[in-house]
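S.K.: Please find one structure pasted underneath; my questions will follow.
The values are calculated or read from the model by the stated rules, or taken from the named source; none is laboratory data. Since the structure is predicted, the reported quantities are computational estimates derived from the model, not experimental observations. Cβ placement follows ideal geometry from the backbone for every residue including glycine, while neighbour counts extend to all protein chains displayed. The accessibility values were calculated without ligands, DNA or RNA, using every heavy atom of the protein model including side chains. Shrake-Rupley method; radii C 1.70, N 1.55, O 1.52, S 1.80 Å.
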Amino acid sequence: IRELPEDAEFSDVIAGFSYLERIPDNFTVEGSLDLTGTQISEIPYNLVVGNNLDLSLTPISYKYTKEEIRKMIEEKGGSIGRNFWIDNSRSL
């Protein structure tokens, strides 16, 4: 899939190295959201991640710093519960 469905409820989303390109606005995941190696290039409005968010090896992680992404999430009404990664040095 290239986009997660709107109005769906998830405990965790592990979409690493998939074809995912977009997260809908008002997306909430109770646990962790792993988007490592996807084509995510924008932060949606009201993104809420209850636990961990991993944006490593994504277009957005190459374009912005961790602090800039965190600020974007907050400015768009979202939040991250615990940890947040944008490690772009992993060997594939």
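S.K.: Evaluate region 66-83: report whether one residue or more is open to solvent by less than 50 Å² (accessible area, probe 1.4 Å) and of a type in the set (S, T, N, Q).
M.R.: No, because not a single residue in region 66-83 is open to solvent by less than 50 Å² (accessible area, probe 1.4 Å) and of a type in the set (S, T, N, Q).
S.K.: A further question on this structure: For region 9-47, how many residues meet the condition of being closer than 13 Å to K76 by Cβ and polar (S, T, N, Q)?
M.R.: 2
S.K.: Moving on to the next point. Has region 1-12 got at least one residue that is part of a loop (DSSP other than H, G, I, E, B), open to solvent by less than 40 Å² (accessible area, probe 1.4 Å) and touching a residue at least 24 places away in the same chain (Cβ under 8 Å)?
M.R.: No: zero hits.
S.K.: Can you tell me how many residues in region 14-72 are in contact with a Pro (Cβ under 9 Å, 6 or more places away or on another chain) and not in a loop (DSSP other than H, G, I, E, B)?
M.R.: Number satisfying all stated conditions: 1.
S.K.: OK, next. Please specify each residue of region 49-92 satisfying the condition of being closer than 18 Å to I23 by Cα, touching a residue at least 24 places away in the same chain (Cβ under 8 Å) and of a type in the set (K, R).
M.R.: Within region 49-92, K76 is the sole residue that qualifies.
S.K.: Which one of these is touching a helix residue (DSSP H, G or I) at 6+ places or on another chain (Cβ under 9 Å), of a type outside the set (F, W, Y) and modelled with pLDDT of 95 or more: E42, E74?
M.R.: Among E42, E74, only E42 is touching a helix residue (DSSP H, G or I) at 6+ places or on another chain (Cβ under 9 Å), of a type outside the set (F, W, Y) and modelled with pLDDT of 95 or more.
S.K.: Might you let me know whether region 84-91 holds any residue that is small (G, A, S) and open to solvent by less than 70 Å² (accessible area, probe 1.4 Å)? Working first, answer last.
M.R.: Residues of region 84-91 small (G, A, S): 89, 91.
So of that shortlist, the ones also open to solvent by less than 70 Å² (accessible area, probe 1.4 Å) come out as none.
No, because not a single residue in region 84-91 is small (G, A, S) and open to solvent by less than 70 Å² (accessible area, probe 1.4 Å).
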